Amino acid sequence: MINSINKPLFIVALILMALAVLTEIGSLVLLGSSEIEDAPRPGLAISYLALIDGLLFYTLALIGLGFVLPGRLHGSVQGIMTFIVSLLFLIGSFVLIFVAIALLMLMVSLLLAAPFGTIAYFIAYADFEVGAAAGTLSLIMTLKLFCAGCMLFSYVRFLQNRGLVFLFLTSLLATILIGFLHGLMPAFLAYILDAVGAIVVAILAIIWALLILIGSIPAIIKVLRVDRAVS
């Protein structure tokens with residue numbers, strides 16, 4: 001499989017996905033750009049995209065790990081690493097979904113608790129910067145599309161790997177969904193819809209983390225059987 005990969009182009013794809021994840025969690029400020037540092041990333045949903053794209057980046061990195069590790073060692077490490085990483089993402093997604101639900105309940109309660117609760121809501125949550133969020137989402141989508149293009153031309157079996165393709169599609173659709181929710185209602189309701197989007201993204205991340213975790217179990221069992229046979 002590794003021999004069928006254009007390594008330089010694959011590395012570019014890996015870097016593009018890493019940049020997308022860093023943009024989602026706001027870590028591009030580490031690059032020292034004042035423009036990026038000043039760019040707001042409102043709400044939760046954009047940062048929650050890192051739950052899905054983190055899994056996608058890990059999957060790509062796992063393929064790239066085959067460049068430096070012998071095939072047998074790569075196969076042995078793959079199952080254990082995947083189990084641990086997917087379990088961490090699963091736990092993190094569960095925690096973050098409750099954070100988003102709590103915030104959503106708070107905002108809805110304030111909005112409906114007229115007049116003082118509504119006033120408090122408008123003071124705290126009515127200034128969602130839809131334009132800034134749209135700009136960030138556009139950058140993220142561009143990085144993902146270029147990453148997908150690089151993968152298509154660098155990895156001959158990319159389209160045959162249905163799990164990877166569906167994970168890519170989930171990532172793209174989640175990004176589109178968040179942009180749609182941000183523009184669906186007036187700006188003063190954008191924070192509420194953003195929280196809804198964050199919950200949906202977290203649910204998708206839970207599903208994928210669970211699927212990946214379950215998929216790693218046969219590889220772990222295979223490694224254990226080999227170790228027993230050797231011993």
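The values are calculated or read from the model by the stated rules, or taken from the named source; none is laboratory data. Note that the structure is predicted; figures quoted are calculated from it, not measured. For neighbour counting, all protein chains shown are included, and Cβ atoms are generated from backbone atoms with ideal geometry for every residue, glycine included.
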| said: If L224 satisfies all but one of (1) over 29 Å from Q78 (Cα atoms); (2) modelled with pLDDT under 90; (3) assigned to a helix (DSSP H, G or I), what's the number of the condition it fails? | reply: (1)
| request: Report, by residue number, each residue of region 120-132 that is of a type in the set (V, I, T) and in contact with a helix residue (DSSP H, G or I) (Cβ under 9 Å, 6 or more places away or on another chain). | output: V130
| note | Of (1) under 25 Å from I91 (Cα atoms); (2) more than 13 Å from the chain's Cα centre (by Cα); (3) modelled with pLDDT of 95 or more, F180 satisfies every one except (1)
| request: Pairs only if they're at least six apart or on different chains, beta carbon under 7 angstrom, first in region 91-110 and more than 12 Å from Y121 (Cβ to Cβ) and surrounded by 15 or more Cβ atoms within 10 Å (Cβ to Cβ), second of a type in the set (F, W, Y) and modelled with pLDDT of 95 or more; list them, first residue then second. | output: L96/Y48
| request: Assess whether L167 counts as being touching a helix residue (DSSP H, G or I) at 6+ places or on another chain (Cβ under 8 Å), without any contact (Cβ under 8 Å) to a residue 24 or more places away in the chain and buried (at least 19 other Cβ atoms within 10 Å of the Cβ). | output: no
| field | From F57, F89, F94, residue being closer than 20 Å to I15 by Cα, modelled with pLDDT of 95 or more and part of a helix (DSSP H, G or I) | value | F57
